[in-house]
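A quick write-up on the structure given underneath.
The values are calculated or read from the model by the stated rules, or taken from the named source; none is laboratory data. Since we're looking at a predicted model, the values are computed, not measured. No Cβ is skipped: glycine too gets one built from the backbone with ideal geometry, and neighbour counts run over all protein chains shown.
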Amino acid sequence: MINKVNFEDTKRRFSEYWAMENHDRPLISVKAPKDNAKVNFPKVPEKLQNRWLDTEYVIKASRAHMENTYFGGESFPMAWPNLGPDIFGAFYGADVDFSPDTSWAVHKEVDLTNLVFEEHGYYAKILEMTKSMLEDSKGDYLVGITDIHSGLDGIVSLVGPENLCYELYDNPDEVKMASFDMFEGYKKVMTELHTLITEYQAGSTNWMGVWHEGLWYPVSCDFCCMISQEMFDEFVLPELVEEIKFLDAALFHLDGPGALKHLDALLEIEELNGIQWVYGAGQPSASYWIDILKKIQDARKMIHVAVTPMELPVLLENLEPEGVMYELWVPSEYEADEIIKMALRSRRKKVY
């Protein structure tokens, strides 16, 4: 693998993580610039769309990024077809507006009672990009499943958040039906991509940088910040629970303080493995949220959270390692290795 030795040991550690049996230290995905790296990125296409859709360019740029990255701890080289967070709506006919850093679905009027999954267009492109990456990887890196958001987030990508708010009051039954109609598309996409990927590599991964021997995926509902706990229970939970049951494993992507009102309901889902806590831009970082993280851990759920090097000792002191994974970026390979040593020392100190 590119800049990664003994990935078999990393897979073993991920298996311990999912079983919450990583007793020696938390899992840590720590990356750094590769020492003496030769930055040799391909020429950026002039046309903005081609920066996203030119498969050859995307693969070359992904390889260059991995070759210039040191993968410490449980991090590993991985590429995935990334056409932005609204791409699932594009599978149902939405157009996509690309910017240099992200993309958005172009919202339109949609008959929620007659959603049609389109095999051509963007879904065909995701399949083509995934297969091309797999054929290129040859064991150098893993290929992940693209970024998919079903449920109410999928509907938002079609009609927009404001229109969905109206629909929840004006046509609640249609929203519920559309959510489950899109769940059928979600299952189709997940099954087809996972089948394709496992022809080339074992297990599954995605944008979160976590590996599982089966089919795992982050589940989410960013729209939940805009609705009450009662509406969450009515409109989100039924479809969400079916998503979780469909997968071999799942972490809920809990995005921002506005979503915390739904944490209790999430922790009550028996089949949900854990929570990825994303505190959000402009918010205090991970150590500020110790009480939230402890609450998740006390519920016997896994944790995935981004941290800074400065606050890591506080987290190591206050949280048990089992089922916990920290993600961070540091300036050098040396500092990445020191982070792992710090975690091991901290655990020995607590034990002895």
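Mind listing whichever residues of the stretch 111-166 are within 17 Å of residue 199 (Cα to Cα) and small (Gly, Ala, Ser)?
Those that are within 17 Å of residue 199 (Cα to Cα) and small (Gly, Ala, Ser): 132, 137, 139, 144.
Restricting to the stretch 253-295, what's the tally of residues that are in a helix (DSSP H, G or I), touching a helix residue (DSSP H, G or I) at 6+ places or on another chain (Cβ under 7 Å) and crowded, with 21+ Cβ neighbours inside 10 Å?
Selection size over the stretch 253-295: 3.
Quick check on the stretch 309-328: of everything there that is in a helix (DSSP H, G or I) and either among the polar types (S, T, N, Q) or free of Cβ contacts under 8 Å to residues at least 24 places away in the same chain (or both), which residue is surrounded by the fewest Cβ atoms within 10 Å (Cβ to Cβ)?
Among those residues, the one meeting the criterion is 310.
How about the stretch 181-220: which of its residues are in a loop (DSSP other than H, G, I, E, B), in contact with a helix residue (DSSP H, G or I) (Cβ under 8 Å, 6 or more places away or on another chain) and either over 13 Å from residue 143 (Cβ atoms) or of a type in the set (Val, Ile, Thr) (or both)?
The answer is 210, 213, 215.
Among the numbered criteria (1) at pLDDT 95 or above; (2) over 30 Å from residue 164 (Cα atoms); (3) outside any strand (DSSP E or B), which one does residue 72 miss?
(3)
Of the residues that sit in the stretch 1-54 and are polar (S, T, N, Q) and either in contact (Cβ under 8 Å) with a residue 60 or more places away in the chain or part of a helix (DSSP H, G or I) (or both), which one is surrounded by the fewest Cβ atoms within 10 Å (Cβ to Cβ)?
Among residues in the stretch 1-54 that are polar (S, T, N, Q) and either in contact (Cβ under 8 Å) with a residue 60 or more places away in the chain or part of a helix (DSSP H, G or I) (or both), the one surrounded by the fewest Cβ atoms within 10 Å (Cβ to Cβ) is 49.
On the given criteria, is residue 131 part of a helix (DSSP H, G or I) and either among the basic types (Lys, Arg) or touching a His at 6+ places or on another chain (Cβ under 9 Å) (or both)?
yes
Being assigned to a loop (DSSP other than H, G, I, E, B) and not hydroxyl-bearing (Ser, Thr, Tyr), is that true of even one residue in the stretch 228-251?
Looking through the stretch 228-251, at least one residue is assigned to a loop (DSSP other than H, G, I, E, B) and not hydroxyl-bearing (Ser, Thr, Tyr).
Please pick out the residue among 90, 105 that is surrounded by 18 or more Cβ atoms within 10 Å (Cβ to Cβ), on the phi < 0 side of the Ramachandran plot, within 20 Å of the chain's Cα centre (by Cα) and modelled with pLDDT under 95.
Criteria check complete, one pass: 105.
Out of all the residues in the stretch 262-274, is one or more in contact (Cβ under 8 Å) with a residue 12 or more places away in the chain and closer than 28 Å to residue 70 by Cβ?
Checking the stretch 262-274: at least one residue is in contact (Cβ under 8 Å) with a residue 12 or more places away in the chain and closer than 28 Å to residue 70 by Cβ.
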